[in-house]
1. State which residue pairs qualify: first residue among the charged types (D, E, K, R) and at pLDDT 95 or above and inside the stretch 47-63, second residue open to solvent by less than 50 Å² (accessible area, probe 1.4 Å) and assigned to a helix (DSSP H, G or I) in any location, beta carbons under 7 Å apart, and separation of 6 or more residues or different chains.
2. Might you check whether a residue that is part of a helix (DSSP H, G or I), surrounded by 16 or more Cβ atoms within 10 Å (Cβ to Cβ), at pLDDT 90 or above and polar (S, T, N, Q) occurs anywhere in the stretch 163-180?
3. When the stretch 54-86 is examined, which residues are found to be over 18 Å from His322 (Cβ atoms) and in a loop (DSSP other than H, G, I, E, B)?
4. So which of Val274, Val320 is at pLDDT 95 or above, surrounded by 14 or more Cβ atoms within 10 Å (Cβ to Cβ) and of a type in the set (Val, Ile, Thr)?
5. Given the residues Ile113, Ile124, Ile118, Ile107, which is the only one that is of a type in the set (A, V, I, L, M, F, W, C), open to solvent by 20 Å² or more (accessible area, probe 1.4 Å) and either in contact with a helix residue (DSSP H, G or I) (Cβ under 6 Å, 6 or more places away or on another chain) or part of a helix (DSSP H, G or I) (or both)?
6. Looking only at the stretch 29-53, which residues are open to solvent by 80 Å² or more (accessible area, probe 1.4 Å), in a helix (DSSP H, G or I) and among the acidic types (Asp, Glu)?
7. Give the stretch 75-87 a look and list any residue that's surrounded by fewer than 20 Cβ atoms within 10 Å (Cβ to Cβ) and in contact (Cβ under 8 Å) with a residue 24 or more places away in the chain, or say none.
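The values are calculated or read from the model by the stated rules, or taken from the named source; none is laboratory data. Computed from a predicted structure; not experimentally measured. We place every Cβ from the backbone using ideal geometry, glycine too, and count neighbours over all the protein chains shown. We work out accessible area using only protein heavy atoms, side chains counted, and drop any ligands, DNA or RNA first. Shrake-Rupley method; radii C 1.70, N 1.55, O 1.52, S 1.80 Å.
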Amino acid sequence: MESFSQVLFLLVFTSACVIKAQGVLLSTHFYQELCPLAEEIVRQHIEAEIYHDPNVAAQLLRLHFHDCFVMGCDASVLLDDVDGMLSEKNAVPNKNSLRGFEVIDRIKFALEIACPGIVSCADIVAIAARDSVVSRGGPSWEVFLGRKDSLKASFYEANRRIPAPNSTLETLIANFEDHGLDIVDLVSLSGAHTIGRSRCTSFKERLYNPPPFEAVWDERHYGFFHLLRSICPEEGHDNDLVPLDLKTPRRFDNFYYLNLLRGNALLNSDSQLVTTDTEFVVSDLVWQYALDQRLFFEHFTNSMIKMGNIGVLSEVEGEVRHNCRYTN
């Protein structure tokens, strides 16, 4: 537990747009002198990319999650296989699923022209996630910057620490706690599923071999599952994509929570938020966010800032890569 002086230090510096994460000072003005147009360059690229392909927004948001949940927010997820090091891209939660790498490459290329060796890949991923949410009508937040890039990746940790789409509520809570995140963070960050798509293979088991607890939900699930079965037959089509939110798939809003309450959760891990909460803490948050989009946005932005501080590396522990796919 942090001492009073540490808490006071954090509060004082947070109000001054600086925060201490893992002993590293991050600032919303980190590049003000070093590369003043850094965030503007990222924003312009994100707007252009999403104009051509709206699905990029969800891809970049998910990229930030998968980066931070493995060794921290250090751009380790961007590294390719090299010299016996297995890339996190090949881990089960990422292979043929995680996207957006080429977008980050193009942003990095532009920043290296504008200010060589200054802006880290980890910071680019964090900024891109925020701008992607904003581009889809979601909330904005100040991104604390100054992260360094990892010198390694962990294929093993990527397989172990990224929540699976069939996770139970207990597993999800334990996983988030292991990353320093609480139940509010779990429920609000799950709201990222208001945009994006999932492969049939991630939820097909629910359609053709539903868990016992879903027997009581059959009537509510019937129409929804019937539609999904028409898209994802029992054999084949594993990599076909289905929107996580069938109502407003390209809009960042609170319809994800309304869908949960209607029994229209695509992933088993999503359905867990409303079906197995014996103390009603989790389901109560789902109801609150379904009824109050502003509250969801407020909690989501706070949790994104909190998640963005996981495992931040210092100058000694990391570097600013010239190419996000390889260490210098």
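1. Here the result reads Glu47/Ser135; Glu49/Val56; Glu49/Val103, each pair linking the stretch 47-63 to a residue that is open to solvent by less than 50 Å² (accessible area, probe 1.4 Å) and assigned to a helix (DSSP H, G or I).
2. Within the stretch 163-180 (the criterion being part of a helix (DSSP H, G or I), surrounded by 16 or more Cβ atoms within 10 Å (Cβ to Cβ), at pLDDT 90 or above and polar (S, T, N, Q)), the answer is yes, since at least one residue qualifies.
3. Answer for the stretch 54-86, where residues must be over 18 Å from His322 (Cβ atoms) and in a loop (DSSP other than H, G, I, E, B): Pro54, Asn55, Phe69, Val70, Met71, Gly72, Cys73, Asp81, Gly84, Leu86.
4. On the way: Val274 fails: at pLDDT 95 or above.
The conditions single out Val320.
5. Ile113
6. Step one: list which residues in the stretch 29-53 are open to solvent by 80 Å² or more (accessible area, probe 1.4 Å), which gives 29, 32-34, 36-37, 43-44, 47, 51-52.
Filter once more, so that each one left must be in a helix (DSSP H, G or I): 43-44, 47, 51-52.
Selection gives Glu47 alone.
7. Asp80, Val82, Met85, Leu86
For (1) polar (S, T, N, Q); (2) over 13 Å from Ile127 (Cβ atoms); (3) open to solvent by 10 Å² or more (accessible area, probe 1.4 Å), each residue gets a yes or a no:
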| position | (1), (2), (3) |
| --- | --- |
| Ser27 | yes, yes, yes |
| Cys68 | no, yes, no |
| Lys89 | no, yes, yes |
| Asn96 | yes, yes, yes |
